Amino acid sequence: MAARRGTRALVIGAMIVAASVGIGFAAHAIFSTTRSHFVAQTCTVGTYDLDTDQASVAATMVGAVTKYRTRLPERASVLVLAAALQESHLTNLAPGDGDRDSVGVLQQRPSQGWGHGQAAPLEDVGEATREFLNALVKVPGWQTAPLSEAVQAVQISADGSAYAQHEPQAQALADAFQGLRAQGVTCSYPTPSKVAPATTVAAQARAQLGISTPRAVGHRVEVPGAGWQTVAWFVANGNRLGIAQVDYAGRRWTPADGWRTQSGVSAAAVVATMQQTGRTG
């Protein structure tokens with residue numbers, strides 16, 4: 001009987017150990033997955049963190065400012081970014097996801113004349129930004145007015161003072177995405193499962209940045225004569241498009257390592273290299 005009890009105890013003990021090991025492995029897997037998720041979706045601009053979708057939206061908005069029909073000062077980027085941070089947290093909200101009939105990153109209302117009365121144009125971040133700018137340039141003294149006053153004159157919201165709280169972050173984002181700060185943005189994400197063709201990436205860079213030089217060369221996109229704004233656009237859109245590496249002016253960015261010094265990298269062109277392990281589409 002004593003031997004049976006001993007054997008039974010050994011079996012139960014082994015089961016407990018096995019269960020503990022299993023729980024340990026499961027907990028480790030959950031921790032690793034969770035950690036990977038949070039690290040994978042983060043972009044950093046100065047002291048501010050964004051997810052990769054927000055960074056992509058910010059880069060698109062600043063691109064719309066820099067390619068506007070008349071040359072605008074950086075202040076225009078700061079104002080429209082502050083508006084977007086307050087209205088949607090830099091999220092391109094679909095119809096029905098915001099307040100009443102408000103649409104998009106700036107929560108513009110077709111019933112108030114935005115989008116020529118149509119929601120569809122306002123779902124395009126670039127077009128929504130252009131409509132904001134069209135209204136902004138008609139505001140007397142907008143270049144020097146306090147941020148909350150200038151933005152409120154365009155948005156006409158319930159509480160215009162709320163925009164002011166976002167000015168420091170909007171300024172940091174404008175500096176980075178307008179290329180006024182070298183290595184102004186870095187993003188981390190895992191190996192993407194879907195990678196856009198280089199021709200698609202080049203076309204989107206031309207459209208969103210208003211430049212004619214992006215060209216697809218094999219699995220790379222080369223942009224002769226470009227600078228840090230183009231670099232920031234590639235980095236911010238890297239997760240969405242499947243970009244594995246960006247090279248410019250002696251620096252290399254990757255989603256795994258961020259920015260590093262890289263010898264032999266020219267300042268004559270910005271070069272984005274597409275991820276090669278994912279499927280294209």
**OP:** Determine which member of the set 230, 261, 254 is farther than 23 Å from residue 54 by Cβ and at pLDDT 95 or above.
**Re:** 261
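I'd like to check something: does segment 248-258 contain any residue that is in a helix (DSSP H, G or I) and crowded, with 22+ Cβ neighbours inside 10 Å?
Among the residues of segment 248-258, not one is in a helix (DSSP H, G or I) and crowded, with 22+ Cβ neighbours inside 10 Å, which makes the answer no.
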Original post:
Within segment 264-281, can you find the residues that are at pLDDT 95 or above and under 19 Å from residue 188 (Cβ atoms)?
Top reply: 272, 273, 274
Original post:
Quick check, is residue 269 small (Gly, Ala, Ser), open to solvent by less than 20 Å² (accessible area, probe 1.4 Å) and touching a strand residue (DSSP E or B) at 6+ places or on another chain (Cβ under 8 Å)?
Top reply: no
Original post:
So, of the residues in segment 67-77 that are open to solvent by 40 Å² or more (accessible area, probe 1.4 Å) and either of a type in the set (Gly, Ala, Ser) or within 20 Å of residue 121 (Cβ to Cβ) (or both), which turns out to be nearest to the chain's Cα centre (by Cα)?
Top reply: 67
**OP:** Determine, yes or no, whether residue 186 is open to solvent by less than 20 Å² (accessible area, probe 1.4 Å) and among the hydroxyl-bearing types (Ser, Thr, Tyr).
**Re:** no
Subject >> Leading residue by the ranking (farthest from residue 84 (Cα to Cα)) among those in segment 149-183 that are open to solvent by 30 Å² or more (accessible area, probe 1.4 Å) and of a type in the set (Ser, Thr, Tyr) >> reply: 161
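Which one of these is crowded, with 23+ Cβ neighbours inside 10 Å and closer than 19 Å to residue 235 by Cα: 62, 103, 80?
Residue meeting the stated conditions: 62.
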Subject >> Matching entry among 169, 165, 183 (being closer than 30 Å to residue 140 by Cα and under 15 Å from the mean Cα position of the chain (by Cα)) >> reply: 169
Subject >> Leading residue by the ranking (nearest to residue 242 (Cα to Cα)) among those in segment 204-226 that are open to solvent by less than 40 Å² (accessible area, probe 1.4 Å) and either under 18 Å from the mean Cα position of the chain (by Cα) or modelled with pLDDT under 95 (or both) >> reply: 205
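Conditions (1) of a type outside the set (A, V, I, L, M, F, W, C); (2) without any contact (Cβ under 8 Å) to a residue 60 or more places away in the chain, marked per residue:
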| residue | (1), (2) |
| --- | --- |
| 141 | yes, yes |
| 148 | yes, yes |
| 161 | yes, yes |
| 167 | yes, no |
| 170 | no, no |
| 173 | no, no |
| 179 | yes, yes |
Subject >> Complete set of residues in segment 71-101 that are basic (Lys, Arg) and in contact (Cβ under 8 Å) with a residue 12 or more places away in the chain >> reply: 75
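The values are calculated or read from the model by the stated rules, or taken from the named source; none is laboratory data. The structure displayed is predicted, hence computed values, not measured ones. As a convention, Cβ positions derive from the backbone with ideal geometry for all residues, glycine included, and neighbour counts pool all protein chains shown. Calculation scope for accessible area: heavy atoms of the full protein, side chains included, ligands and nucleic acids excluded. Shrake-Rupley method; radii C 1.70, N 1.55, O 1.52, S 1.80 Å.
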